[in-house]
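A.B. asks: Sharing a structure, written as structure tokens. Questions coming.
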Amino acid sequence: MMPTEILIIALFRFINSLGWGNTYVALIVPFLASATGTFLFRQHFANIPAELSEAAQLDGATPLQFLIRVLIPISWNTIGALAVIQFVYMWNMYIWPVLIIQGQERQVVQVGLRTLMGGDSALVFGPMMMGAVIASLPPVVIFVLLQKQFMSGFQLSRDK
């Protein structure tokens, strides 16, 4: 539940000890699990009736079969909602990519936008705005593709 900025030094040391420094894996893997995801799935699974598990056991399903054949198919909306949340969160990061990626050729678009601001010269808003619009396209596309799952992933009823 702690913000990334608090854990950033320990996370940096850990990722470098794995040999993942200056790779895209270092940008993605540390943020695949989150407190938001844990809470979202806990709430989702709390709404699933216990009778469903009992019925699967009576039909002879093992816990793994129950997970694969029942829980995952009824959880696609929640999975989609979490995918949108995590993608937008990771896409908007600035400090972590600046810290973990050393070369400019691998740097993320948010860091590139910062370089468009320049140093001593006056701000040129045209290229900055165009860069911001282009940088906002991937999250918009992901949201549009997963909009149904995102919206229904937060339903409070058992009707899914």
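A.B. asks: Residue by residue through segment 73-121, note down the ones that are of a type in the set (D, E, K, R) and touching a residue at least 12 places away in the same chain (Cβ under 8 Å).
C.D. replies: Arg106, Arg114
A.B. asks: Just checking: which of the helices (runs of 4 or more DSSP H) contained wholly in segment 1-100 hold 1 or more residues that are within 30 Å of Val144 (Cα to Cα) and not β-branched (Val, Ile, Thr)? Can you show your working first?
C.D. replies: Details: elements: 4-17, 24-28, 35-46, 50-58, 63-66, 76-91, 95-100.
Here the list reads 4-17, 24-28, 35-46, 76-91, 95-100.
A.B. asks: In this structure, is Gln149 in a helix (DSSP H, G or I), touching a helix residue (DSSP H, G or I) at 6+ places or on another chain (Cβ under 6 Å), among the polar types (S, T, N, Q) and more than 30 Å from Gly19 (Cβ to Cβ)?
C.D. replies: Here the answer is yes, as Gln149 does meet what is asked.
A.B. asks: Please enumerate the residues belonging to segment 101-112 that are surrounded by 12 or more Cβ atoms within 10 Å (Cβ to Cβ) and either part of a helix (DSSP H, G or I) or small (Gly, Ala, Ser) (or both). I'd like the intermediate steps shown before the answer.
C.D. replies: First pass over segment 101-112, keeping only residues surrounded by 12 or more Cβ atoms within 10 Å (Cβ to Cβ): 101, 106-112.
Hits for segment 101-112 are Arg106, Val109, Gln110, Val111, Gly112.
A.B. asks: Are any of the residues in segment 2-13 small (Gly, Ala, Ser) and either touching a residue at least 60 places away in the same chain (Cβ under 8 Å) or surrounded by 13 or more Cβ atoms within 10 Å (Cβ to Cβ) (or both)? Quick ask: steps written out before the conclusion?
C.D. replies: Restricting attention to segment 2-13, the residues satisfying the condition of being small (Gly, Ala, Ser) are 10.
Among the residues that remain, those that are also either touching a residue at least 60 places away in the same chain (Cβ under 8 Å) or surrounded by 13 or more Cβ atoms within 10 Å (Cβ to Cβ) (or both) are: none.
Taking every residue of segment 2-13 in turn, none turns out to be small (Gly, Ala, Ser) and either touching a residue at least 60 places away in the same chain (Cβ under 8 Å) or surrounded by 13 or more Cβ atoms within 10 Å (Cβ to Cβ) (or both).
A.B. asks: Output the number of the condition that Leu52 fails; it satisfies all remaining conditions of (1) under 23 Å from the mean Cα position of the chain (by Cα); (2) loosely packed, with under 15 Cβ neighbours inside 10 Å; (3) in contact (Cβ under 8 Å) with a residue 12 or more places away in the chain.
C.D. replies: (1)
A.B. asks: Condition first: farther than 28 Å from Val140 by Cβ and within 21 Å of the chain's Cα centre (by Cα). Now tell me which residues in segment 82-104 satisfy that.
C.D. replies: none
A.B. asks: Does segment 73-81 contain any residue that is surrounded by fewer than 17 Cβ atoms within 10 Å (Cβ to Cβ), modelled with pLDDT of 90 or more, more than 17 Å from the chain's Cα centre (by Cα) and more than 30 Å from Phe14 (Cβ to Cβ)?
C.D. replies: For segment 73-81, residues surrounded by fewer than 17 Cβ atoms within 10 Å (Cβ to Cβ), modelled with pLDDT of 90 or more, more than 17 Å from the chain's Cα centre (by Cα) and more than 30 Å from Phe14 (Cβ to Cβ): present.
A.B. asks: Give me the residue from segment 12-49 that is closer than 10 Å to Ile100 by Cα and among the hydrophobic types (A, V, I, L, M, F, W, C) and, out of that set, nearest to the chain's Cα centre (by Cα).
C.D. replies: Among those that are closer than 10 Å to Ile100 by Cα and among the hydrophobic types (A, V, I, L, M, F, W, C), it is Leu27.
The values are calculated or read from the model by the stated rules, or taken from the named source; none is laboratory data. Note that the structure is a prediction, hence the values are computed from the model and not measured. Neighbour counts run over all protein chains shown; Cβ positions are idealised from the backbone, glycine included.
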